[in-house]
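The values are calculated or read from the model by the stated rules, or taken from the named source; none is laboratory data. Since this is a predicted model, take the numbers as computed values, not measurements. Ideal geometry is used to build each Cβ from the backbone, glycine not excepted, and the neighbour counts take in all protein chains shown.
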Amino acid sequence: KYISAVCAGPSVLGKAGILKGKRATCFPGWEDKLFCGEYTGEGVTVDGRIITGRGLGFSIELALELVRILKGEEASLDLRGRIQHPDTI
């Protein structure tokens with residue numbers, strides 16, 4: 001099972017104790033609500049089976065990372081190309 005949250009959502013995981021000792025990211029200004037091991041400030045952070053995203057602008061990157069984890073690198077790259085992601089144009 002994987003757990004994913006984006007924007008202020010990771011603060012819910014933090015409050016539940018799920019992020020204790022984990023690396024995570026969230027919307028700027030919500031860092032003190034993460035209660036995690038390390039705030040990364042990255043667009044997308046993966047720590048084991050927990051994937052967190054900084055904000056809505058990173059939703060596609062987060063989704064592509066989930067595809068990579070669940071279906072493999074090739075599936076993620078294929079999807080990236082089909083959705084016309086800026087990195088592929």
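Inclusion of Gly14 among residues that are outside any loop (DSSP other than H, G, I, E, B), without any contact (Cβ under 8 Å) to a residue 40 or more places away in the chain, over 9 Å from the mean Cα position of the chain (by Cα) and over 22 Å from Ile83 (Cα atoms) is warranted. Candidates in the range 25-37 are the residues that are exposed (fewer than 15 other Cβ atoms within 10 Å of the Cβ) and in a loop (DSSP other than H, G, I, E, B); of these, the one that is modelled with the lowest pLDDT is Gly37.
How many of the residues in the range 41-61 are under 20 Å from Arg80 (Cβ atoms) and outside any strand (DSSP E or B)? Residues flagged as under 20 Å from Arg80 (Cβ atoms) and outside any strand (DSSP E or B) within the range 41-61 amount to 10.
Thr40 meets the conditions (1) surrounded by fewer than 14 Cβ atoms within 10 Å (Cβ to Cβ); (2) more than 15 Å from Gly9 (Cβ to Cβ) in every case but one. The failed one is (1). Of the listed requirements (1) at pLDDT below 95; (2) touching a strand residue (DSSP E or B) at 6+ places or on another chain (Cβ under 8 Å), Leu66 misses just one: (1).
Of all residues in the range 1-11, those that are at pLDDT 95 or above and assigned to a loop (DSSP other than H, G, I, E, B) total 4.
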